[in-house]
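Read through the structure below, which is laid out as structure tokens, and then see the notes.
The values are calculated or read from the model by the stated rules, or taken from the named source; none is laboratory data. None of these values were measured; they are calculated from a predicted model. Note that we place each Cβ from the backbone using ideal geometry, even for glycine, and neighbour counts take in every protein chain shown. Just the protein is used for accessible areas: all its heavy atoms, side chains included, with ligands, DNA and RNA removed. Shrake-Rupley method; radii C 1.70, N 1.55, O 1.52, S 1.80 Å.
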Amino acid sequence: MQQPENNSSLPKTLLAIFKIVLVANTVLLVILLALGASIHRSGMAQVDEMGRLTLQSFRAARPMFWGPGGLNSPLMRSFIDQLAEQKTVKNVFVYTDDKNIIFAYKAPASWQLINTESERSFRRGDSLFMYDVVNFEGRHAGGGRGHHENISGRYTICLEIDASSIMRTSRLRNISVVIAVLMEAVLLLFYGKLRRMLNAYQQSQKSLQIARQEATTGRFAAILAHEIKNPLSSIKGLVDYSLKKSTDGRVVENLERSLDEVERLAAIVDGFLTFGRPIELDRKAFNIKDCCVKAVSLLSHDFASAGKGVTTEGDGFEISADYDKLLQVFVNILLNALEAAPEASAVAIIMDPALKRVSIKNEVAPGMKIDAERLFEPFYTTKAQGSGLGMAISRKIMEIHGFDIFIEKTSPFVVVMDFRNDKK
């Protein structure tokens, strides 16, 4: 009995390990997103700060504009050249409101000349453009003895800063995120596939265990039935002979009761033999409704004696199966429903051609308790005179056909027979 426990624990262990991997990858994805966003913000903040400091240096250098030569003075050009020589500065240019370029380290594109009232920045491609307006209202510069040059006016200063490293970091982050998301998707798909495979494995192990139990039970039942059947036949013959010869009323009554009990035991033995031997099918096409009607006809006396009814609803449908074996299934289920139903009630047979199902529904008598999970187990019964093999044999017959049988609900009690062949 230890082996099935090991087999059942293996899928749980694999699922637990895979869940840990899945959660770890999810955490890694979240950390990657947060870290990438933080690095991007930090890098752009550094670039912005550098640009603002550079523009502020222009403000601090305004006295150079007032000197001889203004922007064209050697001192001012040296200052701008030093700025432009920085690795992160790609271009420096100054222009007026009418977009006349006063100075340019490199020739700017026309779209880079914008009119702005205040400091402004934007990104385009791998560059960050930052603008600042410097006003020189009423300023005059001395050009020599007795000479003054009016440089009053407004100038727009632009810095083009290289943000390619930040953009590369962003692209690498985006690629990493895409890879992580793809990994997450693959893991989720694999997890779903693994879960389905493990569920199928567990189901097959469960079915194998049931098959082993049924095989053991079947062998035991066959041996037991074989040992009982011959002496039981002898007892039945002797009782029957005595019944014919006896004239005493009390003896006759006792012999008749004994004969009934012997016949009941013979029916139980036949059930043992049916459960123990392999079932061979003789398939043919027929309408399931014919089988239902036949089963109701066979049990009409039982229903009438119990004061209970039986109804048939829906249309039949064609199946390919062993007619006699399925008739046995219907008889077994109807007998169970009849015995479980309360007085003056009816058992309903509901056929659904769209789903290829037949449902047998009955109310349950007060005080009767039925364990739905054990209903199809061999020898499980709530009846005083039952062998507990009827429903087990019914399930065996259905499964050999490739059909399914299950309990849909318990209040009211509904047994469903599913005749779809794709279940096999």
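Assorted remarks:
- Applying a threshold of 6 Å to beta carbon distances and a minimum spacing of six or more residues, or different chains, the list of pairs starting in the range 160-176 at a residue that is closer than 9 Å to Lys90 by Cβ and ending at one that is open to solvent by 60 Å² or more (accessible area, probe 1.4 Å) reads Glu160/Lys90; Asp162/Lys90.
- Unique residue being aliphatic (A, V, I, L, M), open to solvent by 20 Å² or more (accessible area, probe 1.4 Å) and in a strand (DSSP E or B) when the list is Ile360, Ile350, Ile370: Ile350
- Number of residues in the range 388-419 that are part of a loop (DSSP other than H, G, I, E, B), surrounded by fewer than 22 Cβ atoms within 10 Å (Cβ to Cβ) and more than 30 Å from the chain's Cα centre (by Cα): the value is 2.
- Flag for Ala200 being assigned to a helix (DSSP H, G or I) and at pLDDT 75 or above: yes
- Taking each residue of the range 301-317 that is open to solvent by 60 Å² or more (accessible area, probe 1.4 Å) and looking for partners that are at pLDDT 90 or above and among the basic types (Lys, Arg) with beta-carbon atoms closer than 8 Å, six or more apart or interchain, yields Thr312/Lys289; Asp315/Lys289.
- Where strands (runs of 3 or more DSSP E) fall entirely within the range 80-161, those with at least 3 residues that are β-branched (Val, Ile, Thr), open to solvent by less than 70 Å² (accessible area, probe 1.4 Å) and modelled with pLDDT of 80 or more are at 89-96.
- Flag if Asn332 is at pLDDT below 95, buried (at least 17 other Cβ atoms within 10 Å of the Cβ), of a type outside the set (Asp, Glu) and touching a Gly at 6+ places or on another chain (Cβ under 6 Å): yes
- Contact annotation: residue pairs with Cβ atoms under 9 Å, 6 or more positions apart or on different chains, pairing a residue in the range 279-297 that is modelled with pLDDT under 90 with a partner that is open to solvent by 70 Å² or more (accessible area, probe 1.4 Å), are Asp282/Asp324.
- The range 243-257, residues that are closer than 24 Å to Ile228 by Cα and either open to solvent by less than 50 Å² (accessible area, probe 1.4 Å) or touching a residue at least 24 places away in the same chain (Cβ under 8 Å) (or both): Leu243, Leu255
- Residues of the range 409-422 satisfying the condition of being at pLDDT below 85 and under 20 Å from Asn332 (Cβ atoms): Thr410
- Filter result for Pro11 (modelled with pLDDT of 65 or more and exposed (fewer than 15 other Cβ atoms within 10 Å of the Cβ)): no
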